[in-house]
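Sending over a structure as structure tokens; questions will come in a sec.
The values are calculated or read from the model by the stated rules, or taken from the named source; none is laboratory data. Just so we're clear, the structure is a prediction, and the values are computed from it rather than from any experiment. We place every Cβ from the backbone using ideal geometry, glycine too, and count neighbours over all the protein chains shown.
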Amino acid sequence: MEYAHRSIMVSEILEALDVKPDGVYADGTAGGGGHSFAIGSLLGPSGTLICNDRDSDALAACRERLKDLNCNLRLIQGTFSDLAENAGVTFDGVLLDLGVSSYQLDCAERGFSYMQDAPLDMRMNQGDKLTAKNVVNEWPEAELTRIFFEYGEERYSRRVASAIVRERQRRPIETTLELVQIIRSALPPQALKEKQHPAKRVFQAIRIAVNDELEQVRIALDHLVEAMNDGGRIAVLTFHSLEDRIVKSAFARYEHPCTCPPDFPICVCGKKSLGKVLVKGIAPTAEEIAENPRARSTRLRVFERRIES
Ligand SMILES: C[S@@+](CC[C@H](N)C(=O)[O-])C[C@H]1O[C@@H](n2cnc3c(N)ncnc32)[C@H](O)[C@@H]1O
């Protein structure tokens, strides 16, 4: 299948990263290379672009897309939580465009979609062990309830988890559409009439669990902020409130890390600010959302590292 994905907020990201032609930039979620191409096009022969993704299909598409760029190019297959260590350099800019690509969603056999029938998979890295089938068939009912509620913000988390457990006692749940049917059967009639697909929240929850998405973001930001050069910027695109909250609070903590009680006359904890929040959760323009509805819930946050000399 052809790798199709429309990159979001490209001009806002280029402005936020303020790309220097000889700088070192990393795209932690390179996908098919849309944002990478835009960044790489601003780099000269002494600039470096590191493209990272956990998905080998994405990296193959990215390599093809970027083959004519004029800068130094490195491709790394790995998680962005390991990017700082795997790259082994310091950065002038890093981009994380969180979540799944349209390619992953649209490629039925990857098992992300509640619209097309496929084996339950949802791994971004097809070499990983844990699949959606493991989660659905093996995780305890209480754990399923928790992830549906926390990661999917599903009001009927208990009912859905209990329907899954009842069904899997009869036979294993194998495919995406079998799961959709079970979710539908567990929801009250009014929930089935909502605009959103009835399986959307539960599928999001399982995907987040399979790929350990939230922990990935927490670890990555803490490592990347330490690997930025003075003035280097981290730009993050988030797609739901859970990940946006993590990015917002991490950036706030990097800017104001002091843990002294507010009534202390001077700081005694010794924690120094790592820099400044530059962009606080802006949304795409109305035109972009009209052209690309998948951009609807996107927010951009940017942090600039400042190193005291
Ligand atoms: C929204 S897409 C990126 C699209 C890309 N920015 C573009 O313009 O073409 C997100 C990509 O991030 C990758 N990804 C998600 N979580 C990751 C992680 N923890 N480590 C590495 N890659 C990850 C996915 O495999 C997917 O290819």
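I'm trying to understand the selection: among the residues of the stretch 25-53, which are under 22 Å from the mean Cα position of the chain (by Cα) and surrounded by fewer than 24 Cβ atoms within 10 Å (Cβ to Cβ)? Full working, then the answer.
Step one: list which residues in the stretch 25-53 are under 22 Å from the mean Cα position of the chain (by Cα), which gives 25-40, 49-53.
Once the filter is applied, which keeps residues that are under 22 Å from the mean Cα position of the chain (by Cα) and surrounded by fewer than 24 Cβ atoms within 10 Å (Cβ to Cβ), the stretch 25-53 yields 34, 37, 38, 50.
I'm trying to understand the selection: among the residues of the stretch 124-155, which are outside any helix (DSSP H, G or I) and surrounded by fewer than 21 Cβ atoms within 10 Å (Cβ to Cβ)?
Applying the first criterion (outside any helix (DSSP H, G or I)) to the stretch 124-155 yields 124-131, 139-140, 151-155.
Answer for the stretch 124-155, where residues must be outside any helix (DSSP H, G or I) and surrounded by fewer than 21 Cβ atoms within 10 Å (Cβ to Cβ): 125, 126, 127, 128, 129, 130, 131, 139, 140, 153, 155.
Looking at residue 303 and the list (1) out of contact with any His (no Cβ under 9 Å at 6 or more places or on another chain); (2) part of a loop (DSSP other than H, G, I, E, B), which single condition is not satisfied?
Failed condition: (2).
Give the number of residues within the stretch 1-19 that are modelled with pLDDT of 95 or more and over 15 Å from residue 293 (Cα atoms). Before you say what the answer is, go through the steps one by one.
Within the stretch 1-19, the first condition is being modelled with pLDDT of 95 or more, and the residues that meet it are 7-19.
The next check asks that each one be over 15 Å from residue 293 (Cα atoms); those that pass are 10-19.
Count: 10.
Here is a follow-up. Would you call residue 16 away from the ligand (no atom under 13 Å from the Cβ), assigned to a helix (DSSP H, G or I) and not basic (Lys, Arg)?
Numbers: away from the ligand (no atom under 13 Å from the Cβ): yes; assigned to a helix (DSSP H, G or I): yes; not basic (Lys, Arg): yes.
Criteria met by residue 16.
Just checking, which of 86, 70 is surrounded by fewer than 19 Cβ atoms within 10 Å (Cβ to Cβ), assigned by TED's automatic domain parsing to the domain that holds residue 287, within 12 Å of the ligand (Cβ to nearest atom) and not in a strand (DSSP E or B)?
Values: 70 fails: within 12 Å of the ligand (Cβ to nearest atom).
From the options 86, 70, the qualifying one is 86.
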